[in-house]
Amino acid sequence: MKYCHLTIANANAKNFTAGLIAKVEEAYSLAKGNLTGKIVVTKTLSELEKAIETYKDENPDFVGILSGDGGVMHARTLIENIWEHRPRYALFPGGTMNNIQRAVGAKKGKSSTIKLAKYIAAKANSGELEHATVSLPSLEINGRKGFNIGLGLVPKLLWMYYGKSVEHYT
């Protein structure tokens with residue numbers, strides 16, 4: 001079975017390097033033609049939106065996002081607002097905290113990104129790519145979409161909602 005991907009890399013993310021992208025491309029190539037698609041590097045939100053708009057008709061089986069938590073949220077919001085279909089996601093740790101990525105089992109560091117890319121290639125070769133990507137329920141707040149996972153933010157919002165200030169949050 002052949003799979004299609006769009007992998008978006010945030011050039012502003014803490015762990016981003018051109019060398020890392022080359023290693024992800026190399027790992028994807030292990031899929032021996034069972035994985036096609038594009039890795040797109042973006043630096044601004046307008047570049048991100050343009051990339052997502054450009055690839056909406058490709059109907060990728062999954063979207064890889066190499067970014068931090070904010071980049072994941074922005075990409076997810078744009079994808080859900082622009083695309084008609086809902087892809088699965090491969091979340092590569094690229095930021096400072098990577099709360100979302102850690103919540104779905106990713107480890108910190110560039111080696112974790114390369115291991116995940118190799119795992120995706122292996123699963124594409126075996127026809128089991130759905131086991132290497134995640135489909136997560138969407139959470140929408142004030143028009144922005146994200147994943148209903150992560151650490152820290154939800155308790156802080158509840159603390160503020162129930163009358164305490166964020167300065168008292170520990």
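Data table
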{"read-out": "Summed side-chain charge close to G37 - residues other than G37 whose Cβ falls under 9 Å, Lys, Arg +1, Asp, Glu -1", "value": "-1"}
{"read-out": "DSSP-defined beta bridges in the range 1-85 - what % are antiparallel, rounded to 5", "value": "0 percent"}
{"read-out": "5 angstrom amide H check on C4, placed H, neighbours 5+ away", "value": "T36, D61, F62"}
{"read-out": "Among the listed pairs K2/K118; K14/K123; K43/K123; K32/K115, those beyond 26 Å (Cα-Cα)", "value": "K14/K123; K43/K123"}
{"read-out": "HN-Hα J in Hz across the range 112-120 - Karplus 6.51, -1.76, 1.60, θ = phi - 60°, x for Gly and Pro", "value": "5, 5, 5, 4, 5, 4, 5, 4, 4"}
{"read-out": "Karplus-derived 3J(HN,Hα), 6.51/-1.76/1.60, for each residue of the range 53-68, Hz, glycine and proline x", "value": "5, 4, 9, 5, 7, 6, 6, x, 5, 8, 10, x, 10, 9, 6, x"}
{"read-out": "Cα-Cα P(r), the range 25-65, percent of pairs per 5 Å interval", "value": "5, 19, 28, 23, 15, 8, 2"}
{"read-out": "Carbon plus sulfur fraction of accessible area for the range 11-52, probe 1.4 Å, in percent", "value": "52 percent"}
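The values are calculated or read from the model by the stated rules, or taken from the named source; none is laboratory data. The structure displayed is predicted, hence computed values, not measured ones. Neighbour counts are summed over all protein chains in view; Cβ atoms, including those assigned to glycine, are modelled from backbone coordinates with ideal geometry. These area figures cover heavy atoms from the full protein model, side chains too; ligands, DNA and RNA do not enter into them. Shrake-Rupley method; radii C 1.70, N 1.55, O 1.52, S 1.80 Å.
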